[in-house]
Amino acid sequence: MEPSQSSATSELTLLGSVKSGTVSGLVAAWAIFGMILAVGAQLGLPPGTFYQMVGISLGINAEWPAIYLGFVLHMITGAIIGIVYMIVSDRVRKLRTDSSTLKAFATGVATGIAVWAVLFVPLHFFLMQPTLQNMLLTSPAGSPEQLTAERLLQMSDSILYGALAIHFVFGGVLGFIARIATSSRNVTEKEAAG
């Protein structure tokens with residue numbers, strides 16, 4: 001292979017990792033979006049409450065702008081996680097998703113657990129809990145904001161462990177979609193190189 005072809009192939013592979021990772025992460029984030037809304041509904045919370053809390057924790061107090069911000073950040077985070085997952089997977093032979101659906105699923109679930117431990121747990125304890133405590137103390141007694149904050153604080157442990165289950169699903173979908181994406185991407189890259 002000529003040096004220019006080698007450079008183009010590695011760029012295509014990095015670009016392929018970014019594209020596949022973006023798609024995989026967005027599909028996985030979209031998959032758990034429905035679960036997050038369903039969990040909120042099961043708990044008797046207004047639609048979008050979990051996304052709203054993210055927006056409120058970042059200083060957006062109006063209901064719908066806070067929900068939109070939380071949702072957009074959820075999707076962006078999913079895409080970034082997918083990109084990192086694919087770049088690592090494509091560069092570490094033992095983690096490659098194009099060799100086995102079971103391996104892709106397992107590495108995806110492991111990624112979901114890691115994201116829960118490294119991202120969700122700290123955000124839960126160091127951002128969301130203080131935000132909810134603040135809402136509880138500063139909202140008028142009996143207001144919807146105060147009642148929501150109180151309810152979410154009471155369900156903190158359930159939310160924490162329920163989120164682990166949701167991250168399992170996120171990871172499983174991430175790995176499965178990555179497997180599909182790498183299978184089709186490898187055919188495209190071979191055609192471009194040949």
Exercise. Report, ordered by the first and then the second residue, all pairs with beta carbons closer than 6 Å, sequence separation of six or more or different chains, a first member in region 155-167 that is under 23 Å from Gly25 (Cβ atoms), and a second member that is open to solvent by 30 Å² or more (accessible area, probe 1.4 Å) and modelled with pLDDT of 95 or more.
Key: Ala163/Phe120; Leu164/Trp116; His167/Trp116
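Of the residues that make up region 158-169, is at least one among the aromatic types (Phe, Trp, Tyr) and at pLDDT below 95?
First, the residues of region 158-169 that are among the aromatic types (Phe, Trp, Tyr): 161, 168.
Checking the rest, the ones that are also at pLDDT below 95 come to 161.
Yes, the conditions are met somewhere in region 158-169.
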Quiz item: When you look at Gly70, is it in contact with a Leu (Cβ under 9 Å, 6 or more places away or on another chain), outside any loop (DSSP other than H, G, I, E, B), among the small types (Gly, Ala, Ser) and farther than 24 Å from Gln133 by Cβ, yes or no?
Solution: no
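Taking the stated definitions as given, is Ser20 hydroxyl-bearing (Ser, Thr, Tyr), at pLDDT below 90 and either over 22 Å from Ala163 (Cβ atoms) or in contact with a Pro (Cβ under 6 Å, 6 or more places away or on another chain) (or both)?
Values: hydroxyl-bearing (Ser, Thr, Tyr): yes; at pLDDT below 90: no; either over 22 Å from Ala163 (Cβ atoms) or in contact with a Pro (Cβ under 6 Å, 6 or more places away or on another chain) (or both): yes.
No; evaluated as a whole, the condition is false for this residue.
Please go through region 94-136 and give me each residue that is among the aromatic types (Phe, Trp, Tyr) and in contact (Cβ under 8 Å) with a residue 12 or more places away in the chain, ordered by number.
Narrowing region 94-136 to residues among the aromatic types (Phe, Trp, Tyr): 105, 116, 120, 125-126.
Of everything in region 94-136, those that are among the aromatic types (Phe, Trp, Tyr) and in contact (Cβ under 8 Å) with a residue 12 or more places away in the chain turn out to be Phe105, Trp116, Phe120.
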Quiz prompt | Residue pairs meeting the criteria (Cβ under 8 Å; at least 6 apart or on separate chains; first among the aromatic types (Phe, Trp, Tyr), in region 58-80; second assigned to a helix (DSSP H, G or I)) | solution = Tyr68/Tyr51; Tyr68/Gly55; Phe71/Phe33; Phe71/Tyr51
Exercise. Determine whether region 139-157 contains at least one residue that is closer than 14 Å to Ile56 by Cβ and open to solvent by 80 Å² or more (accessible area, probe 1.4 Å).
Key: yes
Quiz item: Quick one: Thr97 ticks every box in (1) farther than 30 Å from Arg151 by Cα; (2) open to solvent by less than 20 Å² (accessible area, probe 1.4 Å); (3) at pLDDT 95 or above bar one, so which box is it?
Solution: (3)
Self-check item: Count of residues meeting criterion [under 22 Å from the mean Cα position of the chain (by Cα), open to solvent by 70 Å² or more (accessible area, probe 1.4 Å) and not aromatic (Phe, Trp, Tyr)] in region 120-138
Solution: 1
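Looking at Tyr51, Tyr85 in this structure, which one is among the aromatic types (Phe, Trp, Tyr), closer than 16 Å to Gly21 by Cα and open to solvent by less than 60 Å² (accessible area, probe 1.4 Å)? Give the steps one after another, and end with the answer.
On the way: Tyr51 fails: closer than 16 Å to Gly21 by Cα.
Within the list Tyr51, Tyr85, the selection yields Tyr85.
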Exercise. Would you check which residues across region 67-82 are more than 16 Å from Ser24 (Cα to Cα) and crowded, with 22+ Cβ neighbours inside 10 Å and list them?
Key: Ile67, Gly70
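The values are calculated or read from the model by the stated rules, or taken from the named source; none is laboratory data. Treat the numbers as computed from the prediction; the structure is a model and nothing was measured. Neighbour counts are summed over all protein chains in view; Cβ atoms, including those assigned to glycine, are modelled from backbone coordinates with ideal geometry. With ligands, DNA and RNA removed, areas are computed over all heavy atoms of the protein, side chains included. Shrake-Rupley method; radii C 1.70, N 1.55, O 1.52, S 1.80 Å.
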